[in-house]
Every structure is written in C-alpha cells, then in structure tokens.
1. Every residue in the stretch A:2-29 that is more than 14 Å from chain B (Cβ to nearest Cβ) and either in contact with a helix residue (DSSP H, G or I) (Cβ under 7 Å, 6 or more places away or on another chain) or acidic (Asp, Glu) (or both), please.
2. Out of all the residues in the stretch A:71-80, is one or more aromatic (Phe, Trp, Tyr), farther than 27 Å from residue A:173 by Cβ and touching a residue at least 24 places away in the same chain (Cβ under 8 Å)?
3. Within 14 Å of chain A (Cβ to nearest Cβ), within 26 Å of residue B:118 (Cβ to Cβ), buried (at least 18 other Cβ atoms within 10 Å of the Cβ) and modelled with pLDDT of 75 or more, is that true of residue B:54?
4. Name every residue in the stretch A:146-165 that is touching a residue at least 24 places away in the same chain (Cβ under 8 Å) and assigned to a helix (DSSP H, G or I), in order of residue number.
5. Is one or more of the residues making up the stretch A:166-184 closer than 28 Å to residue A:78 by Cβ, under 15 Å from the mean Cα position of the chain (by Cα), part of a strand (DSSP E or B) and away from every other protein chain (no Cβ under 11 Å)?
6. Yes or no: residue A:126 over 30 Å from residue A:85 (Cα atoms) and within 14 Å of another protein chain (Cβ to nearest Cβ)?
7. Any idea which of B:62, B:149, B:102 is surrounded by 14 or more Cβ atoms within 10 Å (Cβ to Cβ) and either at pLDDT below 80 or more than 14 Å from every other protein chain (Cβ to nearest Cβ) (or both)?
8. Give me the pairs: first residue in the stretch A:118-141 and surrounded by fewer than 21 Cβ atoms within 10 Å (Cβ to Cβ), second residue part of a strand (DSSP E or B) and acidic (Asp, Glu), beta-carbon distance under 9 Å, and six or more apart or on different chains, which are they?
Amino acid sequence: MNNLTTTLLNKHYHIDIEEWGKQGNSVPFDSGIEQRVVTSSIPSIELTISYNGLNFSDYEIMRTAYENNNSNTFIVDLNDSKIDLRPDLMTENASVWAFKDFQFKINAKDVLYSGKITLVTSVFFNFTEYQSLFNQFSSYIRSATTDLSFINVLSNAQPHAAEFKYSNNAIFSNIGQSVRHARNKGGLKRAWTLNWLLTESNFLQLITFYRKNSGIMGEFGMPEFGISTGYYLPYADNDYIVDQDDYVFRVLSDTLSNARFAQDSFQYQKRVDGLYQCRAEILEVKL
Amino acid sequence: MKTITNNSRSSRQLAILHLFEFDMYNFDGTFKETLRFTDHDIFVDYNFNDYTPLAISFDRLVEDFTMSVDSINITIDNVNGALSSEALASEWRNNRASITRVSYTPAAETIDSETYDYGYGDNLAGTTYPELDLDAISNKDVWTLFGGVIDTFGASESALNATITTEFNNWSRPFPTRTYNQNEFTTIVDAMTDIIYWGRQE
C-alpha cells in the first residue's frame, strides 16, 4: 500500500474536515427512555485538502499521485495532529484513505495552480489479513497524440483560465461513510474546462474549430497549462480578467492528450465592448 | 428464539451487527467451505471464527402465522469480484444460509487518557489487526434471525444478490426453482420422486 503522506501534505495550506462518529439511530420506548442503536464502530472522516500557488512541477506531483492511486486505498498518516484517531485505536497502518475528488485550477492572474483534493477514510486496512483477501490497484494510461490542430487555434484564442479534474468510472462500495472496495475499470480520463475572453477574430477561429470538431465529430491534441520552470509571464496590472491579453500558457514540456469536446453545444456571450466570453469542457478520449 | 435479555437491553447504548454464513459445496457434492461475512466495519471474531466485513444489506423480515414460504433478498458487495468468481466455482443453491443478529454493549475504552463510556472504536489491543472479539463481550445477545437455504442468486458488477428461503420451503417443494433438462430423468415418475439438490444428488 502506497504512503502518500508527504506527497499530499507537503504543500497544502488548509484542510476542511468532517468526522462521523458511530452511526445508527435511536429507539424511543414507552417509558420515554431512548435506546441508541449503533452500527459502525470505526470513525469516518472526509478531508478536503486545499492548495495554492503550486507551479506546474508541484501540480504534476499531485497529478501523478492521483493517477497512480485513483482506484485504490493508500496511507496518509495524520497521527501527529490527532485528526485521525484510527492510529490510536489500532496502529498507524490503519490511516488508510481513498480519493474522492481531485480539482485544480490555473488562471492568468498568477499563472499558478490552486485546487483541492478530497479524501475519505477506507476500511480496507493495510493489514495482511485484509490485503490477502482482496486485490486492488489503479491504472492510468495516457492517451498521447501529436495532433496540433487545437494548439494552432489556442495560439491565437488563448484561454485566461483552465480547470482540471478527472472522469473516473471506477466503482466503489462503502461501509458506513468509509470506502470498502474499489474496482479499477481502467477508464480514468483527464478533463479540462477552458475559459476564454477573446476578440472577434480570435473567437471566430475558436468557434470555427468547434463547428468542425464538436461533440463526437473530432479528436485533437489537448495541452496542459502552467509555467515550466524559469518561464513566467507577469499578470497585467488590473484586478479582473477584462483584457484579452491575459492568458495562461501551455506547458511546452508536456505531451498532448488526445481529447474531444465534452458537450454538443457551445455557449458564449458577446459583450458590449466587442469581446467574446466563453468556456468549453474537454475530455480525454482513448485512442 | 429472539430473546433480548437485559444484558444489552438495559444499557442505553446498543450496538447491532449481523453475521452471515453460507455453506459452499463443490459441484461433486462434497462440502467445500463456509463463507462467513459481517456487516460490521471490521473483522468480527465469534466462536473462534472470523467474519469478513462486507457491505451487506437484506430485506426487512416479515413474519406471520401462515405457513407461507418466507424468503428474503440479500445484497452483498461484489465490487472486488471475489464473490462472483467464488459463486461460479462452487454451488450455493439449496445449501445452508443463516443470518445471526448480535446486540451488545460496546465496552468502555480509554484513548489518550480519555475514557469513552462506550468504546469509540472496537479495536482489541494486542491483536495484529482490527477485530471485534464478540467472545470477550459479556453483555451481548445472539440469536438467529433467519435460517434457510439459498434459492437463487445472481451477480452483477457491483453486487451479488441472493434469495434465501426458509426451510419450510422444502415441505411443499423439495427442490429449488430451476429448469430441468428432461434428459436427466428417464421417466416422469423418476423426476417427481427424486430429490434433487443443485449440482449433487442425494
């Protein structure tokens, strides 16, 4: 079982926690006395760990950790802070978690990543007696491409913000609020949402590309966004994204993913200042 | 006999868990193993047997005084696929299935010098893995909630569903519902008088 304690906690700045105690219900008797009936006995916790100001290589570490553990449980040991009492109840091998959510975002303001991941406790403990019963694993195979058609459009129609998440079709079962089993189905896909503010000529390039490749009609190469080491674009000196010159950069060192538009429709706004504002969801597809 | 004694009834906190047992036979009719599961969230040790924690749910039990056949559906977590491969490799049907209900008062527990009246967890100190030792709990009641045989089962990717019927079923119908191949019997009388157990003949 992998230990992601350092990877996930190294650069976080905030944790939101929800803890469930014993779960059950109460039965009122005629005498007025209530009898409490409990079922689960292991505390369940949901952690939402937040990050801010990550550069691309920091994000890449998080991304790799998620991709390699998307459908299995892993150890995150919070023993020092006593947030997770399971190490006291059992041993440190009981600090076992599973990914519930993974979302990051980058925008033109600082061209750095912010985001959050959500973990839920697992009862698939790291003990031989448990591990010998069931197998679990995760897989992710990058669907790489060299297609540059979308990149050529993005070089003019540059997004000012990009959001990252995953589409995961693994199935999970639970006992109480904790994950019990997960089955990797090999279908992990990256998903992006791009946000644009464009001049008409650049927007027309984008909408034309969409008309040619919308929905299931086309696949194209999708880049990652962020700053490679030593490469930085200062944010324009204004508080809001109003200028079409503000944009996030493609990470040149990262290979392209084969992807397509996730929606069959494209919504956009034409503003009185003549600029076009729109967003699109893009989903990795396997070759 | 469902007798909830004052062992657990007099306490204001009552924990309930269920123990499930399914006898599995090889296709040649020989006994293979008894599968033991619990809907608790850690292993449960009872009568020196380990019950594996799985997400299991079952229908509400209905009792009446008619002699009708009672059956309930059980849904067992099959996400790891272990059960469906077991189900295909051995015979479940017409074999013993039981649901046992256990009510007990969780013992007090001290964690980091704080005492919890009703144990916060159920780990046993000194064991190598988390396990609830029911034998060591004196304030408990154990009774059989349902005893019968597995009639039919089906597996999907996420769950294994089984219908278990009471043994009354056997009074009116000596074999579980199935479609027989007529080639198994040379005459109709053979088919009517023979008692067929799935996968084996007794």
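1. Within the stretch A:2-29, the first condition is being more than 14 Å from chain B (Cβ to nearest Cβ), and the residues that meet it are A:2-18.
The answer is A:4, A:7, A:8, A:11, A:16, A:18.
2. From the stretch A:71-80, those aromatic (Phe, Trp, Tyr) are A:74; that's our starting set.
Filter once more, so that each one left must be farther than 27 Å from residue A:173 by Cβ: none.
No: the stretch A:71-80 contains no residue that is aromatic (Phe, Trp, Tyr), farther than 27 Å from residue A:173 by Cβ and touching a residue at least 24 places away in the same chain (Cβ under 8 Å).
3. Numbers: within 14 Å of chain A (Cβ to nearest Cβ): yes; within 26 Å of residue B:118 (Cβ to Cβ): yes; buried (at least 18 other Cβ atoms within 10 Å of the Cβ): yes; modelled with pLDDT of 75 or more: yes.
In short, yes.
4. Just the residues of the stretch A:146-165 that are touching a residue at least 24 places away in the same chain (Cβ under 8 Å), to begin with: A:146-151, A:153-154, A:156-165.
Hits for the stretch A:146-165 are A:149, A:150, A:151, A:153, A:154.
5. Initial filter on the stretch A:166-184 (closer than 28 Å to residue A:78 by Cβ): A:166, A:168, A:170-184.
Checking which are under 15 Å from the mean Cα position of the chain (by Cα) leaves us with A:166, A:168, A:170.
From what's left, part of a strand (DSSP E or B): A:166.
Checking which are away from every other protein chain (no Cβ under 11 Å) leaves us with A:166.
Yes - at least one qualifying residue is present in the stretch A:166-184.
6. Values: over 30 Å from residue A:85 (Cα atoms): no; within 14 Å of another protein chain (Cβ to nearest Cβ): yes.
Criteria not met by residue A:126.
7. Numbers: B:62 fails: surrounded by 14 or more Cβ atoms within 10 Å (Cβ to Cβ); B:102 fails: either at pLDDT below 80 or more than 14 Å from every other protein chain (Cβ to nearest Cβ) (or both).
Only one candidate qualifies: B:149.
8. The qualifying pairs are A:118/A:16; A:118/A:46; A:118/A:101; A:120/A:46; A:129/B:50; A:129/B:131.
The values are calculated or read from the model by the stated rules, or taken from the named source; none is laboratory data. Note that the structure is a prediction, hence the values are computed from the model and not measured. Note: ideal-geometry Cβ built from the backbone for every residue, glycine included; neighbour counts use all protein chains shown.
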